[in-house]
Structures are given as structure tokens and as C-alpha cells.
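FYI, it's all coordinate maths here, none of it is from the lab. These numbers come from a predicted model, not from an experiment. Every residue, glycine among them, receives a Cβ derived from its backbone with ideal geometry; neighbour counts consider all protein chains shown.
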Amino acid sequence: MNIERTRIILEDLERTLLQFMRKHGITHDEYRCATDILVDSVKAGEETLLYDVFLEAEATDNANIDRRSSIEAIEGPFYLPNSPLLKAPYVLPQRCDEAGDVLFFRGIVASPDGMPLAAAEIDMWQADAEGRYSNFHPGVPEWNLRGRFRTDHDGAFEVRTIVPPPYEIPKNGPTGVVLKTLGRHFFRPAHLHLKVRHPRYKELTSQLYFDGGAYLDSDVANAVREDLVVQLVRRDAPRDQSVRGLHKSVFEVRYFFVLEPRPATHIRHRV
Ligand SMILES: [Fe+2]
């Protein structure tokens, strides 16, 4: 962001906040209460959570205007780079008795004109059946339900995982205090997190929700968008009974990712 745009935005933010304080006759005690929430959020390690719950989806929407790719979604606070690179057939790392129904996630990665993109990398992470993320919540094996895999020569992919549940965001810190004051619940609808990459295209951060799922209309992060909702379809269990976990219900979701080309870069050749 250039310095002139930063100055214009800061001046408008100051003007807007001062108008807001005059409108509500904010007292010094109320002002100090507001600054204490920000300070407490830092002390509790929740400063990202506090902002993300209320503001991240709006910033994402702004970036989606005139986008030629699939729409972006919020990243959320639980992403970690460098998750395990999987080998086909792809199965997200999981415990041998991982709870939750089996989910086959299938899809295609393509360019805006429909050209399939081979060897695109899909970086996927999600909650376990208790709504917990590995490497963040205690008691979950490292890198559980996190992994990276690639599309085949037709731009297609398939990965086996579990159907995640809705989960509550942390509610015992300052973010919870604000949400309780507003009379809101703490749930996010069930979702899969994804990043899709290809050397010649812009990275896409996505998040997919299941049609008919709980909290779609009242997501605490207000991040559900129609284009991110997929059908969760029940399937017959594959005949390969050697694949563990297939005594459970089996579901499938599909998604068609479109990546936006990177701007052409000027390449200088030696003469
Ligand atoms: Fe999440």
C-alpha cells in the first residue's frame, strides 16, 4: 500500500471514529474500556482472532470485486505452511481410528478460459471431528488433517479425508466477551480450508461449506458466500475394503477451482 493511500485511509478512519464518538457521546470510561479490549486481546494472543471475526470477510469481499478466478475466502487463524506433501492416492494424514464420516473431495483446477492446470498444488487443512486443529489444539497429532497434493495431467484431484463438524471459536477471552455482549453464538459452520497454487497463476485461498449445514446463515465470522457452498452427497462405500474407515458413511463433494493468471512479467533477454 503506497504512502498516499495510507494517509488518505488513516485520515478517514480518524474522522469516522471521531464522528462515531460524538454521535454516541462516548465517555472516558467507555473509551478506556475499548482500548483495554485491544490490549487484552494482544495479551491473550487473540488480536488476529478479534479482527478476523469482525473484519476479515469484508476485506476478502473487497478483493473479490472483478476477480477472474474463483472467489477468495478468509484464511482464518489455523493455517500453517509446509504441511506434508502427500503421495497418490491422496489421504489427508489422520489417526488410524480418526472419528468422522469419510469424505472424498474431488475437483478440477483450471484457468479462466477452462484450460485444465496439471500439477497445481492444493494445500488443505481442516478441523477433526471435535472441531480441533492439529499443531494448535492439544491432543491432536502433529499435521493431522493437513496436507498438500497435486492435480493430475487433466487438472483433476481426489483426496480422502473426514467430514468436519461446525466448531466454536475460542470464547473465554476478549473476543468471547465482545461476542457475548452482542448476544451472538461462537460457531463457525463446517468447512474445508484450501490454498491452490500454480507457478503461472495467483494463489487462491478458499474455504468450502456444506449446503444445509448448521450455522451457514449465522457464521460467527460472517464468511459464508454462495459460491463457496458445495453439495455434500452420500456415496456407496468403495469396494476396496482394505481402505480403512470405509465401514462408515461415505460422502463426496466437488469443486471447480479457477485460478487467475499472474500479470505478465517483462523478461529481459541478453543480446
Ligand atoms: Fe476453520
Extension length gain for residue 217 and residue 51 (0.36 nm per residue less Cα distance), in nm, is 57.7 nm
Counting only DSSP beta bridges with both partners in the stretch 44-258, the antiparallel fraction in percent, to the nearest 5, comes to 70
Taking 0.36 nm per residue of separation between residue 129 and residue 23 and subtracting their Cα-Cα distance, the length gained on full extension comes to 33.6 nm
To the nearest 20 debye, the chain has a Cα-centred charge dipole, built from +1 on Lys and Arg Cβ and -1 on Asp and Glu Cβ, of 720
FRET efficiency (residue 113, residue 233; Cβ distance; R0 30 Å; to 0.05) is 0.60
Here, the stretch 47-134 modelled as identical Cα point scatterers in vacuum has Debye log10 I(q)/I(0) at q = 0.14, 0.24 Å⁻¹ of -0.76, -1.31
Semi-axes of the stretch 42-92 from the Cα gyration tensor (sqrt of 5 times each eigenvalue, largest first, whole Å) come to 26, 21, 7
Between the modelled labels at residue 153 and residue 82 (7 Å from Cα along Cα→Cβ) the distance in nm is 3.4
Stretched fully, the stretch from residue 180 through residue 95 gains (0.36 nm per residue minus C-alpha distance, one decimal, in nm) 27.1 nm
When the charge dipole of the stretch 44-258 is computed with +1 at the Cβ of Lys and Arg and -1 at the Cβ of Asp and Glu, the Cα pointing farthest to the positive end, of 175, 93, 258, is that of 93
Given 93-106, 26-39, the highest-first ranking by average Cβ count within 10 Å works out to 93-106, 26-39
Taking only the Cα positions of the stretch 139-247, the convex hull volume per residue in Å³ is 187
The Kirkwood hydrodynamic radius of the chain, taken as the inverse of the mean 1/r over all distinct Cα pairs, in Å, comes to 20.9
Simple spin-label estimate for residue 249/residue 31, 7 Å along Cα→Cβ, in nm, reads 5.5
Set 180/248; 43/180; 87/202; 171/195; 87/195; 87/171, cut-off 29 Å on Cα-Cα distance; pairs above it are 180/248; 87/171
Checking 64, 172, 135 against a Gaussian network model of the chain (alpha-carbon springs below 10 Å), the top fluctuating residue turns out to be 172
Rounded to one decimal in nm, the spacing of the 7 Å Cα→Cβ label points at residue 260 and residue 10 is 2.7
Note, residue 57: beta-carbon cut-off 9 Å, +1 each Lys/Arg, -1 each Asp/Glu, net -4
